[in-house]
Amino acid sequence: MRICLLFILFLFSATTIFGQVEIDLEREFIYKGRHYIPKSPWVTVGLGYSYNFDDKTVEPNIFIDGHIRFYNNHYAGMGFLSSREHFIDKKNSAAIFLPVSQNVNALKSIHITYGGRIEKLFANFVFFAGPSLNWGFDYVSTSPDGQELSRSFFEPGIYANAQFTYKFYYDMGVGVSFWGNINKSYQVAGISLHIYLSTAFKRQVI
């Protein structure tokens, strides 16, 4: 958690230092010999830790979100999220994406979102939310012989993600995401460090 806080402070200080550059981000521009197209689609891929409110446990997570502008400053997104007891299953490492899992607690979710974006030359602020479709396993009890029992679930929910990114290039950066995913069986919220990749780069001109 301390690493995450230090990382957030670094992002804010870096954005403040470089935020004085004046460029019109409403039209295509050239910066340091690179031709960029503002408001282009982008992807964030994050890793971090989340809190399972039902079982009161901390667990690792991974997510990937893609976003695209469809009208003025309106954006749509789609992505995948997994929060689970163990990042990699002992018997089936591919189960991070598949319905089967060896984890007693395991959430996998796909979501469609709508949101807004404040984009700067060296920073990107976004908030997205929308419906999610969730599946996985939820811990129920422990049997007399010590075996942990769980039940499977498949149900709708709600996903939301707020992101702050420091861009060391206009189309590449690193940042922090605060997100939550709520459904009947698995209430979870997390913080993740992410990488930011945009399609804004058009060509090298110098």
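Which of the residues that make up the range 172-206 are more than 15 Å from LEU81 (Cα to Cα) and not in a strand (DSSP E or B)?
Correct list: LYS184, SER185, THR199, ALA200, VAL205, ILE206.
Note down all Cβ pairs under 8 Å where the first residue falls in the range 179-206 and is under 23 Å from LYS56 (Cβ atoms) and in contact (Cβ under 8 Å) with a residue 40 or more places away in the chain, the second is of a type in the set (A, V, I, L, M, F, W, C) and in a loop (DSSP other than H, G, I, E, B), and they're at least six residues apart or on different chains.
GLN187/PHE53; VAL188/PHE53; ALA189/PHE53
Among the residues of the range 163-175, what is the count of those that are surrounded by 21 or more Cβ atoms within 10 Å (Cβ to Cβ) and in contact (Cβ under 8 Å) with a residue 60 or more places away in the chain?
Step one: of the range 163-175, the residues surrounded by 21 or more Cβ atoms within 10 Å (Cβ to Cβ) are 163, 165-167, 170, 173, 175.
Applying the additional criterion that residues be in contact (Cβ under 8 Å) with a residue 60 or more places away in the chain yields 163, 165-166, 170, 175.
Within the range 163-175, residues that are surrounded by 21 or more Cβ atoms within 10 Å (Cβ to Cβ) and in contact (Cβ under 8 Å) with a residue 60 or more places away in the chain number 5.
Keeping to the range 53-77, report how many residues are within 24 Å of ASN124 (Cβ to Cβ), loosely packed, with under 15 Cβ neighbours inside 10 Å and not polar (S, T, N, Q). Give the steps one after another, and end with the answer.
Here is the first cut: in the range 53-77, the residues within 24 Å of ASN124 (Cβ to Cβ) are 61-77.
Still in the running and loosely packed, with under 15 Cβ neighbours inside 10 Å: 64, 68, 70-74.
If we keep only those that are not polar (S, T, N, Q) too, we end up with 64, 68, 70-71, 74.
Selection size over the range 53-77: 5.
So is PHE178 at pLDDT below 95 and within 22 Å of the chain's Cα centre (by Cα) or not? Even if it seems obvious, please write down each step before you answer.
Numbers: at pLDDT below 95: no; within 22 Å of the chain's Cα centre (by Cα): yes.
Criteria not met by PHE178.
Scan the range 84-102 and give yes if some residue there is at pLDDT below 90, surrounded by 20 or more Cβ atoms within 10 Å (Cβ to Cβ) and closer than 22 Å to ILE195 by Cβ, otherwise no.
yes
Which residue, of PRO38, PRO60, is outside any loop (DSSP other than H, G, I, E, B) and of a type outside the set (S, T, N, Q)? Before you say what the answer is, go through the steps one by one.
Working: PRO38 fails: outside any loop (DSSP other than H, G, I, E, B).
Sole residue among the options that is outside any loop (DSSP other than H, G, I, E, B) and of a type outside the set (S, T, N, Q): PRO60.
Conditions (1) modelled with pLDDT under 85; (2) within 22 Å of the chain's Cα centre (by Cα), marked per residue:
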| site | (1), (2) |
| --- | --- |
| GLN20 | yes, no |
| ILE23 | yes, no |
| TYR31 | yes, no |
| HIS35 | no, no |
| GLY46 | no, yes |
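From the list ASN52, ASN61, ASN73, pick out the single residue that is modelled with pLDDT of 90 or more and in contact with a Lys or Arg (Cβ under 8 Å, 6 or more places away or on another chain).
After ruling out the rest, the residue left standing is ASN61.
The values are calculated or read from the model by the stated rules, or taken from the named source; none is laboratory data. Because the structure is predicted, anything quoted here is derived from the model rather than measured. No Cβ is skipped: glycine too gets one built from the backbone with ideal geometry, and neighbour counts run over all protein chains shown.
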